[in-house]
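Student: Attaching a single structure in structure tokens format; questions to follow.
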Amino acid sequence: MAYCFCLVQIAAGYGLSGLLPNELFSLELQWLFLSDNKITGTIPEAMANLGANLRGFMLGGIGTSNLLTGTIPDIFDNLPNLESFNVDNLELTGTIPESLSNSRKLEYLSMIRNQIEGTLPTFASARVLLLFSNKLTGTIPSSIGEWNNLTHMLFNDNGFTGTIPASIGSLSKLKKIDFTSNHLSGTIPPEIFEVQDIGLITLGSNALTGTIPTIATESARRLEWLNVQDNLLTGSLPQNLGKLPMLWSFSATSNHLTGTIPQDLLSANSSMEYLLLGDNELEGTVPLSFKEGKKLYHLELWGNNLTGSLDHICSLNIFTVAADCTADGKIMCSCCQFCCGKEDTRLECTTPILSYTYNVRVLCLERNRMKSLACVGVI
């Protein structure tokens, strides 16, 4: 009997509704894509009947309108050649079946935005794990460093606890790590910056402590995006951030970072477009070398102890500049669109604070003692 491949195209995005018929799973299919329909019910156990033929199964996807609920059936021992499984944006509950994690040929697993619970099982053969926006808990196992095929590890918006395993540094093929919005603690292991092809590391909105590790430029030369915002990090900014040739986005907002901004953070050769350092305890002045950052698009320096003028960057035509250029701040800036006073200063009106901030579009004056808008030079 010849294999039927046509359902891959025929069944995706054709407005199919109702339950999945068991007869569908009696066909000799290799790929079954059913995303962007209006399918209801549950994933039937009859899916096991597709057997060794099945290589790819897709019910979810970006913006899918399928409305499946229930759990993922523990049937994957019957699907030994399954390589890709996608159930994104459904309402699935329960845990990840053990037979799914044991699938020896599974390379791509995506179950984004469901209600999946439980701990993270072992996926020894997986290349891409997209598990964000679920209710997974427990720790990220140190054995993850033995999942040698991993290129994408997106676990953000779950309930993971414990520390970030240093063994991740052994994953030579890894390109993206996203652990944002979990409950991770401990320090950032420097080993994760030693992966040669790593392009994205985002660890924001956790409870990480310690310092931002020194990043070796020879090993992290492809790093493009680094996000450690909204943690409990201390210490100074790494001195060699400006030497990372492809880094175009760095966010360390809302930590307890101290010290000065490195003089060579931005240069004529810098790729930096987004630099977010707000809500820390940085001091000193903004380096004159910032005027060399020709690609800079978004700069946030608000909520620090910085002083001096930012006018040397105004010629860059940066889309967004946010700094403490209100009356309580010590920053002079004629091109800042966002002027924010530190929340704990309890502003009292003393001088018209807009007299030197001509391009202000948003003015942050939360929790102050001003009597009227007249005191900020608005009326």
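All of the numbers you see were taken from the coordinates with simple rules; none came from a lab. Predicted model only: the values in this text are computed from it and were never measured. Neighbour counts are summed over all protein chains in view; Cβ atoms, including those assigned to glycine, are modelled from backbone coordinates with ideal geometry.
Student: Quick check on packing: order 77-85, 270-278 by the mean number of other C-beta atoms within 10 Å, highest mean leading.
Tutor: On the way: 77-85: 18.1, 270-278: 20.8.
Those peptides, ordered most packed to least, come out 270-278, 77-85.
Student: How much length would be gained if the chain were fully extended between Glu91 and Ser172, taking 0.36 nm per residue of separation minus their Cα-Cα distance, in nm to one decimal?
Tutor: Length gained, Glu91 through Ser172: 25.7 nm.
Student: Taking the number of other C-beta atoms within 10 Å as the exposure measure, put Phe155, Phe179 in order starting with the fewest.
Tutor: Starting with the residue having the fewest Cβ neighbours, the order is Phe155, Phe179.
Student: So, in nm, how far is label Met246 from label Lys295 when the simple model puts each one 7 Å beyond its Cα toward the Cβ?
Tutor: Roughly 1.1 nm, to one decimal.
Student: For labels at Glu218 and Asp77 in the simple 7 Å Cα→Cβ model, what's the distance in nm?
Tutor: It works out to 5.0 nm between the two label points.
Student: Restricting the count to DSSP beta bridges whose residues both fall in the range 132-287, what percent are antiparallel, rounded to a multiple of 5? Each step should come with its number before you reach the end.
Tutor: Details: 0 of 16 bridges.
Taking every DSSP beta bridge with both residues in the range 132-287, the antiparallel ones total about 0 percent.
Student: Which loop trypsin sites (Lys or Arg not before Pro) in the range 78-144, with loop taken from DSSP, have no more than 11 other Cβ atoms within 10 angstrom of their Cβ?
Tutor: Of the trypsin sites (Lys or Arg not before Pro), the ones in loops of the range 78-144 whose Cβ has at most 11 other Cβ atoms within 10 Å are Arg104.
Student: Still on this structure: Sort Asp279, Asp324 by Cβ crowding within 10 Å, fewest neighbours at the top. Before the final figure, lay out the partial values.
Tutor: Details: Asp279 22, Asp324 25.
The most exposed by this proxy come first: Asp279, Asp324.
Student: Something else about it: Which ³J(HN,Hα) values, rounded to whole Hz and listed in residue order, are derived for the range 217-226 from phi using the Karplus coefficients 6.51, -1.76 and 1.60 in 6.51 cos²θ - 1.76 cosθ + 1.60 with θ = phi - 60°, glycine and proline given as x?
Tutor: Those phi angles translate into 5, 6, 9, 9, 5, 9, 5, 10, 9, 9 Hz.
Student: Another question about this same structure. Assuming R0 = 30 Å, what is the FRET efficiency of Ser143 and Ser236, from their Cβ-Cβ distance, to the nearest 0.05?
Tutor: The calculated FRET efficiency here is 0.35.
Student: Within the range 30-72, name every residue whose backbone N is under 15 Å away from a label modeled 7 Å from Cα of Gln115 along the Cβ vector.
Tutor: Of the residues in the range 30-72, 41-43, 67-72 have backbone N under 15 Å from the label point off Gln115.
Student: Let me ask something additional. What net charge do the residues around Asn66 carry, taking every other residue with its C-beta under 14 Å from that of Asn66, with Lys and Arg at +1 and Asp and Glu at -1? Please report the intermediate quantities before stating the final value.
Tutor: Values: positive: Lys38, Arg113; negative: Asp36, Asp88, Glu91.
Spelling it out: positives minus negatives among the neighbours equals -1.
Student: Does the range 48-182 come out rounded, prolate or oblate, given a ≥ b ≥ c as the square roots of the eigenvalues of its C-alpha gyration tensor, rounded meaning a/c under 1.5 and, failing that, prolate meaning a/b above b/c?
Tutor: Cα axes put the range 48-182 in the oblate bin.
Student: Next question, about the same structure. Along the Cα-to-Cβ line of Leu288, 7 Å from the Cα, sits a label point; which residues in the range 231-255 have backbone N less than 15 Å from it?
Tutor: none
Student: Between the range 57-113 and the range 159-187, what is the separation of their alpha carbon centroids in Å?
Tutor: Cα centres, the range 57-113 to the range 159-187: 23 Å.
Student: Once you have the Cα-Cα distance between Asn305 and Ser26, take 0.36 nm times their residue separation minus that, and quote the gain in nm to one decimal.
Tutor: Length gained between Asn305 and Ser26: 93.6 nm.
Student: With the contact rule set at Cα under 8 Å and sequence spacing of 6 or more, what percent relative contact order holds for the range 98-213? Intermediate results must be reported in sequence, preceding the final value.
Tutor: Details: 303 pairs, mean separation 22.4, N = 116.
Relative contact order comes out at 19 percent.
Student: Also, quick follow-up: Under the rule of at least 5 residues apart or a separate chain, name every residue whose amide H is placed under 5 Å from the amide H of Met332.
Tutor: Gly308, Ser309, Leu310
Student: Same structure again: Work out from phi, with θ = phi - 60° and the Karplus expression 6.51 cos²θ - 1.76 cosθ + 1.60, the ³J(HN,Hα) of each residue of the range 46-59, listed in order in whole Hz, and give x for Gly and Pro.
Tutor: Values per residue, Gly and Pro as x: 4, 4, 4, 5, 5, x, 5, 5, 5, 10, x, 9, 9, 10 Hz.
Student: Sequence-distant or interchain residues sharing an amide H contact under 5 Å with Gly284, placed H: which?
Tutor: It is Thr307, by chain and number.
Student: First select every other residue whose beta carbon is under 9 angstrom from the beta carbon of Tyr108; then total the charges, Lys and Arg +1, Asp and Glu -1.
Tutor: Charge balance in the 9 Å sphere: -1.
Student: Given the Cα-Cα distance of Ser185 and Thr320 and 0.36 nm per residue of separation, how much length would full extension add, in nm?
Tutor: Length gained between Ser185 and Thr320: 45.4 nm.
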